[in-house]
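The values are calculated or read from the model by the stated rules, or taken from the named source; none is laboratory data. On a predicted model such as this, the values are computed, not experimentally measured, just so you know. Neighbour counts run over all protein chains shown; Cβ positions are idealised from the backbone, glycine included.
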Amino acid sequence: MSDKVLYENPLNTRYASVEMQKNFGDEKRFRLWRKLWIALAESEMELGLNITKEQVDELKAHAEDIDYEKAAQYEREVRHDVMAHVRAYGDVAPHAKGIIHLGATSCFVDCNSELLILRDGLLILQRKLVSVMDKLKKFALEYKSLPTLGFTHLQPAQLTTVGKRATLWLQDLMMDYENLSHLLSCFKLRGVKGTTGTQASFLDLFEGDSQKVKLLEQKVAEKMGCARVYGVTGQTYPRKFDYNVLCVLSQIAQSAYKFSNDIRILQNMKEIEEPFEKSQIGSSAMAYKRNPMRCERMGSLARYMLTLPMNSAITASTQWFERSLDDSANRRIVNAQAFLTVDAVLNLYLNVSENLVVYKKTIAKHVAAELPFMATENIIMECVKAGGDRQELHERIRVLSQEAARMVKQEGKENDLLKRIEKDELFAAVHGKLKGILDTKKFIGRAPEQTTEFIRREIDPILKKHKDLLGETGDVRV
């Protein structure tokens, strides 16, 4: 059968990194299962159960000797993935076969491995997130003093700067970073809890010695590189954790979506463009087009991510008592696809943010077209200082402004408000001074200072903390 006959997830074939795909791949999951079985057996041995060092050594020697075909065959027979892998492990470690998974329920390996996979996925995203922040920081500082039209309601408002606008994108990502970091700081393993979370099976194994049961859980967690476990669970770790994770991923997607839309609008205005490669085709029909493909893809993927937390919310809400299995098939899909989606979004964000093209002259042209309207109050004030009547000046400049606007909108001409003012004797006090009054630096407020202060106080400490993570680049495969 051709490999093109069957559906393949485009997150794998087109968008997500190999690194994130491997993080959610079967090989990592099943190797974690074996690592957990080794940690359990070794800890049980250390606490006095009838397990030999030779059995533990045999488990370690065959930890990566996984016969996937045999495991799949067993699963078709027993309809149970964990027991299928217990059998496959026992086949290659026959002397340890009888002590694999001793006292544990399936969720010992399933839940603890899933948590470790989610944690590692978050660490991958954190690395990419701070690298995007680093690239936006550099962009913001480079253009901190470049005046540009600010917009409210998508209508020209007061001026800002290109760099100051970039700090808004940067601040969104900073909030995402803070939420992701908090999630990592709260990370816990499910631990060694037994079938309904009571640890009854382990208490039996240790003949009622509660202290040894607690030590067992502590030892296993430490061997898996974790300091904390949930104090209480049912059979599974709390599914609300999945919801918390997907909410953070959704927030990253929201930030990227906002950025991508801003760039798409700016590209329409021909002020800022995403990268466009020499041989890239913008349209199959219109050869002249430079479509914002990367940003459009960012938005498309981000939109999908925004829908996923609700799915996890429903799963968390419908776990009956100690657990229900209707979460399993759902979570296999949702958790992995959420991470693959945000990974793809951040890959695009990295690519776009490090290759933005700024057209300064077009930006200046747009500023010049609107600045006369914005400067009307300044012009009035200068004339009042020279003895003019504010109300009379206000009425006259209102009439002149509307006439200039009519010429722009109805006749497609340039904004000639300044010429009209120069010819009007009522504004004689500013004749010859308009160029100075309309100096764009007088209309950007503290935008340059805000940019540098924000980066110094809030962004630099994050980047300094994670300096070893910086330097990621965005690979856009298609």
For the list (1) part of a loop (DSSP other than H, G, I, E, B); (2) in contact with a helix residue (DSSP H, G or I) (Cβ under 7 Å, 6 or more places away or on another chain), I need the number of the one condition that ASP172 fails.
(1)
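So that you can scan it fast, the table gives a plain yes or no per residue for (1) within 25 Å of the chain's Cα centre (by Cα); (2) outside any helix (DSSP H, G or I); (3) loosely packed, with under 11 Cβ neighbours inside 10 Å; (4) β-branched (Val, Ile, Thr):
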{"position": "THR451", "(1), (2), (3), (4)": "yes, no, no, yes"}
{"position": "PHE454", "(1), (2), (3), (4)": "yes, no, no, no"}
{"position": "ILE459", "(1), (2), (3), (4)": "yes, no, no, yes"}
{"position": "LEU463", "(1), (2), (3), (4)": "yes, no, no, no"}
{"position": "THR473", "(1), (2), (3), (4)": "yes, yes, no, yes"}
{"position": "VAL476", "(1), (2), (3), (4)": "yes, yes, no, yes"}
So for region 373-380 (the condition being touching a residue at least 60 places away in the same chain (Cβ under 8 Å), in contact with a Ser or Thr (Cβ under 9 Å, 6 or more places away or on another chain) and hydroxyl-bearing (Ser, Thr, Tyr)), does at least one residue qualify?
no
Looking only at region 366-377, decide whether some residue is in a helix (DSSP H, G or I), at pLDDT 85 or above and over 30 Å from ILE272 (Cα atoms).
no
Given the conditions (1) farther than 30 Å from LYS212 by Cβ; (2) more than 28 Å from the chain's Cα centre (by Cα); (3) not in a strand (DSSP E or B), and given that ARG87 satisfies all but one, which numbered condition is not satisfied?
(1)
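Take LEU417 and decide whether it is under 25 Å from TYR143 (Cα atoms) and either out of contact with any Pro (no Cβ under 7 Å at 6 or more places or on another chain) or surrounded by 15 or more Cβ atoms within 10 Å (Cβ to Cβ) (or both).
So LEU417 does not fit the description; no.
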Sort through LEU348, LEU340 and tell me the only one that's in contact with a Leu (Cβ under 7 Å, 6 or more places away or on another chain), among the aliphatic types (A, V, I, L, M) and in the same structural domain as LYS128 (by TED's automatic domain parsing).
LEU340
If we keep just the residues of region 73-83 that are under 18 Å from ASN112 (Cβ atoms) and either in a helix (DSSP H, G or I) or in contact (Cβ under 8 Å) with a residue 40 or more places away in the chain (or both), which is farthest from the chain's Cα centre (by Cα)?
MET83
Of all residues in region 228-267, count the ones that are farther than 22 Å from ASP110 by Cβ and of a type in the set (Lys, Arg).
2
Looking at region 315-341, which of the residues that are without any contact (Cβ under 8 Å) to a residue 60 or more places away in the chain and not in a helix (DSSP H, G or I) is surrounded by the fewest Cβ atoms within 10 Å (Cβ to Cβ)?
TRP320
